[in-house]
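As structure tokens, the structure follows; a few thoughts come after it.
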Amino acid sequence: MTKGLYVTEQSSGFTYRYQQLERHELQLLDHTETISREMIRYVILDCKQSPAAPLVKSYRLQYPGACLLVLAMRRDETDMLQAFAMGADDYQVKPCSEREVAARLRVMLKRREWAFADSGSMHPRGAAAPVDWDWLKGQLTKTESRLLHFLLLHSNALATRHQIIQAVWGDELSLSSKALDVHLFHLRRKLHDATNGRITIRSVTNRGVYLVDNGKP
């Protein structure tokens, strides 16, 4: 059974979520328990009142390899964008059924399996020299990994906003959302640092983005 961590400000919430998700073969562990990090595949941050971003930052540092789902009390675009910037993989406003939560977790876990699956070809076509992708993967959030994976598969070809959102988020994100821009900003910066500016993401106004290798050493 896939194990995950449940973090909430109300102790009563754990029992409810535990019972509901167990039906979907998703086992929840209380964040107060002593748990090996390697066991945790996902983290649910059930925010009752507090902003999500500080919690996301804290738990992303503690569980860098886990999928991270935020359950928020209300839609707050500023908090959502900050949460994505801190490393959240998904942000869902309550109320939501346990079936929806389970479905979102399964999608994130499946995408995690896909991300960097084809490690032998994880570089732009025609790249001048190999990049230490294993090192870079350790710097990326799961959403950034999926985004980079998509861009690498379509390197040197323009990808529209719609194509990227459908590939990375499916129907979970609207075209007007600024979440994509936030993730592109952070991914562009990390690629620059990892390759000394050689590999970058270029934008074409009102058309899309594409990944290029400038051929610099």
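Every number in this text was worked out from the coordinates using simple rules, so none of it is lab data. Bear in mind the structure is a predicted one, so any value in this text is a computation, not a measurement. A quick note on method: Cβ atoms are made from the backbone with ideal geometry, for glycine too, and the neighbour counts reach across all protein chains shown.
Quick notes
- The stretch 80-108: number of residues that are over 22 Å from Lys190 (Cβ atoms) and surrounded by fewer than 20 Cβ atoms within 10 Å (Cβ to Cβ): 13
- The set of residues in the stretch 69-96 that are touching a Ser or Thr at 6+ places or on another chain (Cβ under 8 Å) and either farther than 21 Å from Lys3 by Cβ or in a strand (DSSP E or B) (or both) contains only Phe84.
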